[in-house]
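The values are calculated or read from the model by the stated rules, or taken from the named source; none is laboratory data. As the structure is a computational prediction, the values presented were derived from the model and not from experiment. Cβ placement follows ideal geometry from the backbone for every residue including glycine, while neighbour counts extend to all protein chains displayed. SASA here: full protein model, heavy atoms, side chains in, ligands and nucleic acids out. Shrake-Rupley method; radii C 1.70, N 1.55, O 1.52, S 1.80 Å.
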Amino acid sequence: MIHPTAKIGENISIGENVVIEENVIIGDHVTIGHHVVIKKDTMIGKNVQIGEQTVLGKSPSSNKKMKRKPEKDLEPLMINDHVVVGCNSVIYREVKLNTGVFIGDLASIREKVTIGEDSIIGRNVMVETNTKVGKRVTIQTGTYITADMIIEDEVFIGPCCSTSNDKYMGQGNFKHQGPIIRRGAKIGNNATLLPAVTIGENAIVGAGSVITKDVPAHKTIVGNPGRIIK
Amino acid sequence: MIHPTAKIGENISIGENVVIEENVIIGDHVTIGHHVVIKKDTMIGKNVQIGEQTVLGKSPSSNKKMKRKPEKDLEPLMINDHVVVGCNSVIYREVKLNTGVFIGDLASIREKVTIGEDSIIGRNVMVETNTKVGKRVTIQTGTYITADMIIEDEVFIGPCCSTSNDKYMGQGNFKHQGPIIRRGAKIGNNATLLPAVTIGENAIVGAGSVITKDVPAHKTIVGNPGRIIK
Amino acid sequence: MIHPTAKIGENISIGENVVIEENVIIGDHVTIGHHVVIKKDTMIGKNVQIGEQTVLGKSPSSNKKMKRKPEKDLEPLMINDHVVVGCNSVIYREVKLNTGVFIGDLASIREKVTIGEDSIIGRNVMVETNTKVGKRVTIQTGTYITADMIIEDEVFIGPCCSTSNDKYMGQGNFKHQGPIIRRGAKIGNNATLLPAVTIGENAIVGAGSVITKDVPAHKTIVGNPGRIIK
């Protein structure tokens, strides 16, 4: 089902049972897999590939218990040229995927997130709202990127890392701040980053470490709690 | 495809290519996204929202190696009023989602599980069979809730936590028991809880901790292995 | 949509809106859930069950930043008799699922992977490319299996474990090697295994441990960093 208000480019390949809602814009040379759902207003550039069963442009919802209600009047999802999105993924409104970004299968990105040019978001990665990911960043499979986080250019985050943004764990009404990861830092697999820690430029966090304090630039930190080793 | 035996309420919004199997009951003011599959006997209350590509009412299956065979003759999946379910999620038969529950995208809940009123099950959370989650509980993104676990009211579990229920890791024929988390306890991100540990009322488990023994009420525990700090 | 070149066996149950592409072969007594996508060339044996919304036979893709480009001319996905695959899963070309394998919901397996007879790949498990899993292995929910890994017969891996294969985290052009887990070893939940470590026969890795060095056969190791305790 392609809504009559949708604008579809040339040389497009559209799979079976694809749903394209109102005001969607799709550029030339785009491939859309079977059973993809493209929600209203989504904008897709040229030479983009979307895998099967993926949902693009979802609006957030909430329940009574959630303190942080999703905003209304969100901008559309914008997918730039040469982006690749995997299968069974869910990407929200007001996400911007810059040119050449790769999103793996079974991943999800909440609203108000920007992913910089050529960055890789691995399979099964979840990105929360209001986070900025730089250019040429790699985030490997299964890592969790919390809300209100800053990831600068050329950062490498291994698989299964975990981050958080609320040191009072839902108890207080304090400002939430996720970790800040400076340019070129590398985070080993299954590391745990506490709220608001800064990982300095080119610093290295060992696999399985628990980072409770800021890590200076160019330092290596390992252990639980993390200790600087060089 | 809506099976002729299904009973559908009034003021319903049903997306494209939705499959509704035999004996499904759906209340008034329900929204069902594109490509949703609702398996036979599922009961959905009023003012419920189901996201795209989700499967409701799946029957469990198994292979030769699994010791714990899924039960037959399971009750239907019951979804009460004002529940919100995300996209690409999989919820089994004999799950009960009480009023106001929120289930994120890419989550899955096995059979014989109850989720209490207004609780939040985050994106990509997996809940195993035979577990009870209380009211106003928050389970954040990517956390794993094992089988045979008890989570009381107002518990907060951060993202990417891990739990287990089998201290012999498949070797013996012993009773399985998951962790027991008492009312108001808070668990930091990427914490690891061993089988059968009890986390006392309002206790706090630090991010990245490994909990091998019971934690008394109102205490804070951190580290690997976890040690009480206050 | 069933492509006219597909060969479908007898006593098949095919759900609504299933897409079967060219040259697919499906044996007798197979059940395929609603909205399943079976990509071209996939070969499915007898008595196989495929859950709703699953994608079979995906070809890998990449972006400019990925050093390891996926191979072309991959063999088809081969699914042997009596395999069970869950819902919303994504399995690539040149995967071989041997007889009796069980794949949970929301799981994904990359190309050039073999899973041995009767092994269990839990829900939300991600398996990377070029990895070999033996017979009667259990990999529980949410565990991450990196590329270039060897898992021998009868290994047990608990939930949420993490593995890695690149000790230079994307920095160098060195050979990648994932962990090697010898026959009968058991890994506790949320353990972290570093690149190229060998876990010896029947060794036991405690929950939450971080394994930085080889573990001898029959030993038990716990902690961060892991220390042998018996």
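Applying the condition of being open to solvent by 10 Å² or more (accessible area, probe 1.4 Å) and either at pLDDT below 95 or assigned to a strand (DSSP E or B) (or both) to region B:125-145 and asking which residue is farthest from the other protein chains (Cβ to nearest Cβ) yields B:132. Can you find, within region B:72-115, the residue that is farthest from residue B:53 (Cα to Cα) among those that are small (Gly, Ala, Ser) and within 11 Å of chain A (Cβ to nearest Cβ)? Ranking the qualifying residues of region B:72-115, first place goes to B:100. Exactly one residue out of A:16, A:75 is more than 23 Å from the chain's Cα centre (by Cα), acidic (Asp, Glu) and closer than 24 Å to residue A:104 by Cα, and it is A:16. If you go through region A:40-52 and keep only what is within 11 Å of another protein chain (Cβ to nearest Cβ) and more than 18 Å from the chain's Cα centre (by Cα), you end up with just A:52. Could you say whether any residue in region A:177-186 is part of a loop (DSSP other than H, G, I, E, B), within 12 Å of chain B (Cβ to nearest Cβ) and surrounded by fewer than 24 Cβ atoms within 10 Å (Cβ to Cβ)? No, region A:177-186 contains no residue that is part of a loop (DSSP other than H, G, I, E, B), within 12 Å of chain B (Cβ to nearest Cβ) and surrounded by fewer than 24 Cβ atoms within 10 Å (Cβ to Cβ).
Quick check on region B:10-44: of everything there that is farther than 13 Å from residue B:76 by Cα and touching a residue at least 40 places away in the same chain (Cβ under 8 Å), which residue is surrounded by the fewest Cβ atoms within 10 Å (Cβ to Cβ)? Residue satisfying both the conditions and the ranking: B:27.
Within 23 Å of the chain's Cα centre (by Cα) and over 20 Å from residue B:130 (Cβ atoms): which single residue out of B:28, B:81 fits that description? Answer to the selection: B:81. Scoring residue C:150 on the criteria (1) under 14 Å from the mean Cα position of the chain (by Cα); (2) open to solvent by less than 10 Å² (accessible area, probe 1.4 Å) leaves a single failure, condition (2). Within this structure, residue A:148 fails the test of being within 14 Å of chain C (Cβ to nearest Cβ) and out of contact with any strand residue (DSSP E or B) (no Cβ under 8 Å at 6 or more places or on another chain). The residues listed here are A:69, A:58; of these, the one that is within 13 Å of chain B (Cβ to nearest Cβ) and free of Cβ contacts under 8 Å to residues at least 24 places away in the same chain is A:69.
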